[in-house]
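Here's the structure we're looking at; comments come further down.
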Amino acid sequence: GERHAATTSGSGLGLWIANAFIAANGGKMNAVSDGPGTGTTMAIELPVTQAAVLQLESDSDE
């Protein structure tokens, strides 16, 4: 509504760009909110290769 438009700024492209980047890398983005004025929790999921998992395990053993 009018109140929302008056209290926010920006073009709204940031969220679109982030979602496009995440999707292009095989991931997903999710937003959850309890309603106006309560904030939003954003979560992203990105795929991880087996090689990356093995490297993390190797690094933690050192």
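The values are calculated or read from the model by the stated rules, or taken from the named source; none is laboratory data. Quantities reported herein were computed from a predicted structural model and do not represent experimental measurements. Counting neighbours? That spans all protein chains shown, and the Cβs are built from the backbone with ideal geometry, glycine included.
For the range 39-62, a residue qualifies if it is in contact with a strand residue (DSSP E or B) (Cβ under 7 Å, 6 or more places away or on another chain), loosely packed, with under 10 Cβ neighbours inside 10 Å and not in a loop (DSSP other than H, G, I, E, B), and exactly one does: Ala43.
Considering only residues in the range 27-38 that are surrounded by 10 or more Cβ atoms within 10 Å (Cβ to Cβ) and outside any strand (DSSP E or B), the one that is modelled with the lowest pLDDT turns out to be Ser33. Residue pairs whose Cβ atoms lie under 6 Å apart, sitting 6 or more positions apart in sequence or on different chains, and linking a residue in the range 42-57 that is of a type in the set (Val, Ile, Thr) to a partner that is assigned to a helix (DSSP H, G or I) and surrounded by 10 or more Cβ atoms within 10 Å (Cβ to Cβ), are Ile44/Ile22.
The set of residues in the range 5-16 that are exposed (fewer than 10 other Cβ atoms within 10 Å of the Cβ) and either outside any loop (DSSP other than H, G, I, E, B) or touching a Phe, Trp or Tyr at 6+ places or on another chain (Cβ under 6 Å) (or both) comprises Ala5, Ala6, Thr7, Leu13, Gly14.
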